[in-house]
Amino acid sequence: MIAPKKPFGLMDNSFQSAGGYEGVKQLVDVFYDEMAAQTVAEKIHHMHTDDAALRRDKLTRFLCGWLGGPRLFSETYGPINIPKVHAHLDVGEAERDAWLFCMERALARMPYDPDFKHYLQEQLKIPAERIRQVSQMARRAQSTPHG
Ligand code: HEM
């Protein structure tokens, strides 16, 4: 009998489906390689200021906790609010979609269950859209004259 798949969102199922820490690290490496290679991602690639190793470590650690695994980001870098850390950046629909496109390309290169790839891509659209909204609100607040 084939065991039913465990629902991805429960416990640390997503973290395990992503291959644990090593799997997430590989996903992030492939993701940033895609970002450096894709013309559509040129603008967001150049928005980054952290050195490549630090940037990869931050996203890897963040995603481990976000996927229900150990909260490795806060252990090393302290608490994080995802929309807030992006609020200084100008993230519109094009930037959001370029980020998600690189993730889609990265997931296609990973040896994951196709259902998990789809699930993860859909879930990532939520914080990506939230980042866009907060970024645009911050932009509007800056351009509104005060007094
Ligand atoms: C919506 C499109 C997105 C764009 C354009 C974007 C871009 C960036 C940029 C430019 C940085 C700064 C890194 C540096 O200075 O080198 C950053 C940091 C980061 N991003 Fe994103 N990002 C996006 C979406 C996401 C999403 C969806 C997540 C998580 C699910 C995420 C997680 C992070 C993390 C954890 C950091 C490190 C923050 C820190 O320095 O404390 N990003 N992002």
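Every read-out reported here was derived from the displayed coordinates using simple, explicitly stated rules and does not represent laboratory data. In this text the structure is predicted, and so the values were computed from the model without any measurement. All Cβ positions, even for glycine, are placed from backbone atoms using ideal geometry, and neighbour counts span all protein chains on display.
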Checklist line | Unmet requirement for residue 24, which otherwise passes all of (1) in contact (Cβ under 8 Å) with a residue 40 or more places away in the chain; (2) under 30 Å from residue 140 (Cα atoms) | finding: (2)
Check: If residue 57 passes every condition in (1) under 27 Å from residue 143 (Cβ atoms); (2) within 15 Å of the chain's Cα centre (by Cα) but one, which one does it miss?
Finding: (1)
Note to self: Which of the numbered conditions does residue 139 fail, given that it passes all the others? Conditions: (1) farther than 20 Å from residue 10 by Cβ; (2) of a type in the set (D, E, K, R); (3) without any contact (Cβ under 8 Å) to a residue 12 or more places away in the chain.
What the structure shows: (3)
Check: under 20 Å from residue 119 (Cβ atoms), outside any loop (DSSP other than H, G, I, E, B) and aliphatic (A, V, I, L, M) - does that describe any residue in the stretch 31-53?
Finding: no
Margin query: Looking only at the stretch 74-107, how many residues end up being more than 8 Å from the ligand (Cβ to nearest atom), under 13 Å from residue 135 (Cα atoms) and surrounded by 20 or more Cβ atoms within 10 Å (Cβ to Cβ)?
Written below: 0
Margin query: Just checking, does the stretch 43-60 include any residue being near the ligand (Cβ under 8 Å from one of its atoms) and closer than 21 Å to residue 9 by Cα?
Written below: yes
Item checked: Conditions (1) more than 17 Å from residue 110 (Cα to Cα); (2) not in a loop (DSSP other than H, G, I, E, B); number of the one not met by residue 6 -> (2)
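To keep it simple, each residue is scored yes or no on (1) more than 16 Å from the ligand (Cβ to nearest atom); (2) in contact with a Gly (Cβ under 9 Å, 6 or more places away or on another chain); (3) closer than 17 Å to residue 96 by Cα; (4) part of a loop (DSSP other than H, G, I, E, B).
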position: 112; (1), (2), (3), (4): yes, yes, no, yes
position: 118; (1), (2), (3), (4): yes, no, no, no
position: 123; (1), (2), (3), (4): no, yes, yes, no
position: 127; (1), (2), (3), (4): no, no, yes, no
position: 131; (1), (2), (3), (4): no, no, yes, no
position: 135; (1), (2), (3), (4): no, yes, yes, no
position: 138; (1), (2), (3), (4): no, no, yes, no
position: 145; (1), (2), (3), (4): yes, no, no, yes
